[in-house]
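Right, one structure below, let's go through it.
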Amino acid sequence: MTKEQNDTIIEVIKIILPLIGGGAVGAIITALVTSRRNRIQPISKHVNITNIFVPSKLLGDHITRLTFSGATTNYDFENLFIAQIELENRGNKDWEQFEFGITLPENVYAININAIGKDRHHSINYSPEINFEEKSNVLDIKLHPFNRKDVYSITLFLTSTANGIDSEITFSSKSAVKFMERDIVATTTVELFLVALLSIATPGLVLRRHRK
């Protein structure tokens, strides 16, 4: 939680606590703990896609594709992108194993993947196998473990049969989680506190987020 978010909570406490009794303070704490325990677990995600090679007029007509040379075979690609993915467990639950899926946009395929745990106690498994000959636009990934505050980084090498990548990479899981952008998760933590506090001080009050 950032300093600005802490300051927001402190200011709300200063305003509301003088208006409520001591017994209500205990109710606030209970409501906060219950809300946090029962909420859908937030998984922070951040995706950064970098354009490595796309033919353009600046390159002229002579450079139209990228070639990787293997021992006996050459692999040609008309474009290449790198997607750097970071996931963090921002919830209050530890998973011995966390399973989730990545679905790439239509016409986008992974041709290589770099997914290594941060140490020997953290590992990543994925399927199907990804290589130059076996491309895929869906991946099933298992993190071992995925405890609170754990961060995993995955790098995907992508190619597209279209001109580029226009849609977002999507994440899904059979677990009760919600994949959220990194900055939104931090905001939700503040809102969770405010909802518990204001619901006791002002019955019937509903806190809504308005997007610009």
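Need the full-extension length gain, residue 162 to residue 97, defined as separation in residues times 0.36 nm minus the C-alpha distance. One decimal, nm.
Once the chain is fully extended between residue 162 and residue 97, it gains 19.8 nm.
Within 15 Å, Cβ to Cβ, of residue 80, how many net charges do the neighbouring residues add up to if Lys/Arg are +1 and Asp/Glu are -1?
0
Nearest 0.05, what FRET efficiency do residue 170 and residue 72 give at R0 = 35 Å with Cβ-Cβ as r?
0.45
Gain in length, residue 127 to residue 147, computed as 0.36 nm per residue apart minus the alpha-carbon separation, to one decimal in nm?
In short, 5.0 nm is gained.
With each pseudo-label sitting 7 Å past Cα toward Cβ, what's the residue 46-residue 134 distance in nm, one decimal?
3.2
I'd like to compare 176-183, 101-108: which one has the highest average count of other Cβ atoms within 10 Å, and what's the full order after that?
Per-residue Cβ counts within 10 Å, averaged per peptide and sorted highest first, yield 101-108, 176-183.
We did not get these values from a lab; they are worked out from the coordinates using the rules stated. On a predicted model such as this, the values are computed, not experimentally measured, just so you know. Ideal geometry is used to build each Cβ from the backbone, glycine not excepted, and the neighbour counts take in all protein chains shown.
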